[in-house]
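Have a look at the structure that comes next, please.
A short reminder: the numbers here are calculations on the coordinates, not readings from a lab. Since the model is a prediction, treat every value here as computed from it, not as a measurement. Heads up, the Cβs are rebuilt from the backbone with ideal geometry, glycines too, and the neighbour counts pull from every protein chain shown.
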Amino acid sequence: MGPLLLSSLTWGLSALVRGVARTWRVRREGATILEDALREGPVILTFLHEDMVPMVVLHRHVRIAGMASPSRDGEILAGVIARFGFRVIRGSSSRGGMRAARDTLRAMEEGWNPALAVDGPHGPRGVPHPGAATLAHLAHRPIVWASAVARPASRARSWDRTLLPWPFARVDIRYGRLEAPSRDSDIAGVTAALAEGLGDRRAR
């Protein structure tokens, strides 16, 4: 995709999402969890791939470093989140993972808060990978997870069934906090707790 076409596409997508989001009625449950954690220093904001749209729009006030895969879809995502003021880190758990981890740790040292879709880049849907817990362990910083429910809304026909809140939708965001694993052996436990926190939203 040429740079002019890419620029036009990302501008159009970001403008469309901004316009629709202005009509949303947003409620944040546990908003102080994120606010208090940010006052302590950088945090690792985590969510599921399906919640990407509301998470990007509703956290543009936070100094976010967002990760986008090196793929063509990742190129579009990188352009969109950059238009929301995010710092872009290219890489994923399957491609460029080590470099992305180093870039993310460097960004945290500079005061950025990494935002990670933890069940990517290709699923399984709703199942967090251990990358966020590993990053928390290396950075000695907490994880703040966030989940979204929207009504009315549609779902994309993608593997992650991306949530697409309608204009004037009610969008509920719920937050939780997990402390960084102190040992490598604790990473699996924190990942399981992250799955439980993010999975609880499916019952709401």
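Would you tally the residues in the stretch 105-120 being without any contact (Cβ under 8 Å) to a residue 12 or more places away in the chain and either part of a loop (DSSP other than H, G, I, E, B) or under 15 Å from the mean Cα position of the chain (by Cα) (or both)?
Of the residues in the stretch 105-120, 1 are without any contact (Cβ under 8 Å) to a residue 12 or more places away in the chain and either part of a loop (DSSP other than H, G, I, E, B) or under 15 Å from the mean Cα position of the chain (by Cα) (or both).
Only one residue in LEU198, LEU178, LEU163, LEU194 is under 23 Å from PRO121 (Cβ atoms) and in contact with a Lys or Arg (Cβ under 7 Å, 6 or more places away or on another chain). Which one?
LEU163
Quick check: anything in the stretch 121-138 without any contact (Cβ under 8 Å) to a residue 24 or more places away in the chain and surrounded by fewer than 19 Cβ atoms within 10 Å (Cβ to Cβ)?
Within the stretch 121-138, one or more residues are without any contact (Cβ under 8 Å) to a residue 24 or more places away in the chain and surrounded by fewer than 19 Cβ atoms within 10 Å (Cβ to Cβ).
Of the residues in the stretch 142-171, how many are assigned to a loop (DSSP other than H, G, I, E, B), under 18 Å from VAL17 (Cα atoms) and of a type in the set (A, V, I, L, M, F, W, C)?
1
Please go through the stretch 172-183 and give me each residue that is within 30 Å of GLU110 (Cβ to Cβ) and either of a type in the set (Asp, Glu) or assigned to a strand (DSSP E or B) (or both), ordered by number.
Of everything in the stretch 172-183, those that are within 30 Å of GLU110 (Cβ to Cβ) and either of a type in the set (Asp, Glu) or assigned to a strand (DSSP E or B) (or both) turn out to be ILE173, ARG174, TYR175, GLY176, ARG177, LEU178, GLU179.
When you scan the stretch 40-62, do you find a residue that is touching a residue at least 60 places away in the same chain (Cβ under 8 Å), more than 13 Å from the chain's Cα centre (by Cα) and either part of a loop (DSSP other than H, G, I, E, B) or within 15 Å of HIS129 (Cβ to Cβ) (or both), even just one?
yes
Just to be sure I understand, how many residues within the stretch 75-90 are surrounded by 20 or more Cβ atoms within 10 Å (Cβ to Cβ) and in contact (Cβ under 8 Å) with a residue 40 or more places away in the chain?
Residues meeting the conditions: 2.
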